[in-house]
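Down below is the structure, laid out as structure tokens.
Please treat every number below as a calculation from the coordinates, not as lab data. Note that the coordinates shown come from a computational prediction; the quantities given were computed from them, not determined experimentally. With ideal geometry, Cβ positions are generated from the backbone for all residues, glycine too; neighbour counts draw on all protein chains shown.
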Amino acid sequence: MKKISSIEDYNSQYKKSVEQPEAFWADVAENFTWKKKWDSVLKWDFKNYDVKWFLNAKLNITENCIDRHLPQKANDIAFIWESNFEDKPNRTITYQQLHDEVCKLANTLKSFGVVKGDRVCIYMPMIPESVFAMLACARIGAVHSVVFAGFSASSLAGRIQDCDCKVVLTSDGAYRGDKIINLKNVVDEALEICPSVKNVLVYKHTNTTVSINSSRDKWWGDLVPNASDKCEPEVMDSEDMLFILYTSGSTGKPKGVVHTCGGYMVYTCYSFLNVFQYNPGDLYWCTADVGWITGHSYITYGPLLAGASSIIFEGVPTYPDAGRFWKIIDKYKVTHFYTAPTAIRALEALGLDFVKPYRLNSLKVLGSVGEPINEEAWQWYNTNIGKEKCPIVDTWWQTETGGILISPLAGITKTKPSYATLPLPGVQPILVDEKGNEIKGNNVEGNLCIKFPWPSIIRTTYGDHERCKQTYFATYNNLYFTGDGCKRDENGYYRITGRVDDVMNVSGHRIGTAEVESAINAHADVVESAVVGYPHDIKGQGIYAYCIVPSSKKSHEELRKEIIAEVNKIIGPIAKPDKIQIVTGLPKTRSGKIMRRILRKVAEGEINNLGDTSTLLDPAVVEEIVKGAL
Ligand code: PRX
């Protein structure tokens, strides 16, 4: 695929993508292997939400990720795996080995009776087998649902039940720094309430003792190595489901965001190559987990579609010490490094002594994803890691967008700290006010929407199309609403300012306030709670919970511990509140609605600027909350 080569090239490609979107994307799609080409490029309707790309085309994404590269690249590295322990030998996986491993696992899934369209849950650590698992599903047309291996049994069960998974792929355990997490135990607990699951395939990774239910559970090592390494790729329609990935919203349970085969393939490869400007011989490293969309699009699919070589890393940035990332970059001569602002801030706080020992001169491009990057972190990254010679691509996108929508193209777009800068070709952003009126011109701020479909746009929310319509296409007429606030500067550069709905972004993880409230309310003594985000130096946002616990005899300290344990049990440690304030009431309007605006101000420490409180049912509640603020 020919990459955009200059800002003039970008401008002309962008213009073409808006004026003739179908011709533009058809040209890009010509770069892939299709079993049958499309009859038409695009059909779309944002009102009764229905979007289809490359209609009636047939393909298999794994053929494009793997087989297509084999004639030239069979012995090239697809992945280098670096374990949690720096003295443990690494693993390299060539494209040929990737092919063989994926086929063996695909055949094992077939032996469990998995067929096209079946859902398979992947609950695994950051090991190459997780990528094999995704691709093995795609090889046979099964739909993968990867669940981040930090989610609790209850969250895992909810996701398995929502899409009726037939098989779960997991491991005995996972390493996270100096901790071992027993994944199989979590799966066992979840499966007590998941009758749809007939088989569990367990990869031995930590040698942790686990219980094996012999009619259901099989060891990976007993089956996969003996399976055939040939597996014909299933012929998929462009709009057949590729995967489901659950994500939090402002209300209700997490939604299963659905992506389909053709458009997702075209867009993840196109965006990977153009944003990162990856060239043969480069070594790319994305530190995300495969449990999130970044892992799907920019560890698994985008880089493999582009035939790239990547690092997969199992550990955490601070183990055995805060030099781990930089040591790995030095060791392998990484050229492209893609991480989250929360990691940059955490490492910045620990000081330059952890950076200095390592040579970072192999680096060409730095990336940022998941949350707004504040100017200080941007500068630190630019100066100390990029040595002021590596462009920083601040990539804005979402689980629902499938790929990066607004970002500099490395070395092509002039960067500006904390700005995601310009839309990729094919992406048409628009800012609107609360009523949906377009805010034109520059130096303005509003709610970020997109007015035209791009190939990897969400297709539906699994099992509930109405919810998809209501969440993304009902707020504003004929627009996809992102849920983000955004500024456009004098040069037309975009800066994402954060969520404008009740979704928090904690360490780059998306967490709905309603979900945390419902977990807290499961504690027997809590009668009501309200959760808001507040600025946090390292995490971006922290979680502040106000809890009403009227008749409890327990101390506040004890209650806090128990409430945290409840959230850990129901969601997982990522949703653990940072601050819990026990209160006797919540500020409510006369109609009973919680005034979150006031709670946010208190959590932010802005107690002298609470705004209009005259519509409150009981203003005395606010005084008490302000006095007890943490
Ligand atoms: O608020 C935006 C923020 O993360 C949200 C999407 O979260 P998720 O679906 O989990 O996907 C994260 C990885 C793509 C967005 O609505 N966000 C993501 N990237 C950026 C960002 N905010 C500012 N700048 C970014 N580069």
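Which order do Ser248, Ser507, Ser310 fall in if you start with the one that has the fewest other Cβ atoms within 10 Å? Numbers along the way, then the final one.
Working: Ser248 23, Ser507 20, Ser310 28.
In order of increasing Cβ crowding within 10 Å: Ser507, Ser248, Ser310.
What nm value, rounded to one decimal, do you get for the distance between Lys627 and Asn56 when each label is placed 7 Å out toward the C-beta?
7.4 nm
Please arrange Glu515, Glu558 by how many other C-beta atoms lie within 10 Å of their C-beta, fewest to most.
On the way: Glu515 25, Glu558 12.
The fewest-first ordering by Cβ neighbours comes to Glu558, Glu515.
Could you pull out every residue, at least 5 positions away or on a different chain, whose amide H is within less than 5 Å of the one on Thr460? Hs are placed 1.01 Å off N in the peptide plane, and Pro or chain starts have none.
Val258
Let me see the pair-distance distribution of region 503-629: every alpha carbon pair, 5 Å bin width, integer percents in order.
2, 12, 22, 23, 21, 14, 6, 1
Hey, how many Å between the Cα centroid of region 12-73 and the Cα centroid of region 74-135?
For region 12-73 versus region 74-135, the Cα centre distance is 26 Å.
If you take the square roots of the eigenvalues of the alpha-carbon gyration tensor of the chain and sort them as a ≥ b ≥ c, do you get rounded (a/c under 1.5), prolate (a/b over b/c) or oblate?
Details: a/c = 1.42, a/b = 1.20, b/c = 1.18.
Since a/c stays below 1.5, the shape of the chain is classed as rounded.
Please list, by residue number, everything in region 594-630 whose backbone N is under 17 Å from a paramagnetic label point 7 Å out along Cα→Cβ of Thr584.
From region 594-630, the list is 617-629.
Name the cysteines of the chain that stand alone by the Cβ rule: no other cysteine Cβ under 4.7 angstrom.
Here Cys65, Cys137, Cys163, Cys194, Cys261, Cys269, Cys286, Cys390, Cys449, Cys468, Cys486, Cys547 come out as lacking a disulfide-compatible partner, given the Cβ-Cβ threshold of under 4.7 Å.
What is the extension gain from Lys593 to Thr615, computed as 0.36 nm multiplied by their sequence separation minus the C-alpha to C-alpha distance, in nm to one decimal? Kindly include the intermediate steps, with their values, before the conclusion.
Working: separation 22, 0.36 × 22 = 7.92 nm, distance 1.07 nm.
Using 0.36 nm per residue and subtracting the Cα-Cα distance, I get 6.8 nm.
Taking only Cα atoms of region 412-558, what ratio of Rg to Rh do you get with Rh as the Kirkwood inverse-distance radius? Intermediate values should be presented prior to the final figure.
Details: Rg = 19.2 Å, Rh = 18.0 Å.
Result: Rg/Rh = 1.07.
So for the chain: antiparallel DSSP bridges make up what percent, rounded to the nearest 5? Before the final figure, lay out the partial values.
Numbers: 58 of 98 bridges.
Of all bridge pairs located within the chain, approximately 60 percent are antiparallel.
Percent of Cα-Cα pairs more than 18 Å apart in region 354-416, please. Numbers along the way, then the final one.
Numbers: 748 of 1953 pairs.
Cα-Cα pairs in region 354-416 separated by more than 18 Å: 38 percent.
Modelling each spin label as a point 7 Å along the Cα-to-Cβ direction, I'd like the Thr33/Asp489 distance in nm, to one decimal.
That separation, rounded to one decimal, is 4.4 nm.
Distance in nm between label sites at Lys387 and Ser196, each 7 Å beyond Cα in the beta-carbon direction?
Computed distance between label sites Lys387 and Ser196 equals 5.2 nm.
For the modelled label position 7 Å from the Cα of Ser551 along Cα-to-Cβ, which residues of region 486-529 have backbone nitrogen atoms closer than 16 Å?
523-528
Amide H to amide H, which residues 5 or more places from Leu242 or on other chains are under 5 Å from it, using H placed in the peptide plane?
Hits under the 5 Å cutoff: His259, Thr260, Cys261.
Can you figure out the FRET efficiency of Asn226 with Asn568, using R₀ = 30 Å and their beta-carbon distance, to the nearest 0.05? Before the final figure, lay out each step's value.
On the way: r = 39 Å, r/R0 = 1.30.
E(calc), rounded to 0.05, equals 0.15.
Once fully extended, how much extra length lies between Met1 and Arg216, figured as 0.36 nm per residue of separation less the alpha-carbon to alpha-carbon distance? Provide the component values of the computation, followed by the final result.
Numbers: separation 215, 0.36 × 215 = 77.40 nm, distance 4.46 nm.
That works out to 72.9 nm of additional length.
Would you order Val51, Val393, Val444 from fewest to most other beta-carbon atoms within 10 Å of each residue's own beta-carbon?
On the way: Val51 20, Val393 25, Val444 13.
Fewest to most other Cβ atoms nearby, the residues stand as Val444, Val51, Val393.
For the chain, what is the calculated [θ] at 222 nm in deg cm²/dmol (nearest 500), taking -39500 (n - 2.57) for each run of four or more DSSP H residues and dividing by its residue count? Don't skip to the end; give the middle numbers.
Numbers: 19 runs with 175 residues, N = 630.
So the helix-based figure for the chain works out to -8000 deg cm²/dmol.
Using a 7 Å offset from Cα along Cα-Cβ at Lys253, what residues in region 565-579 end up with backbone N under 16 Å from the label point?
570-572
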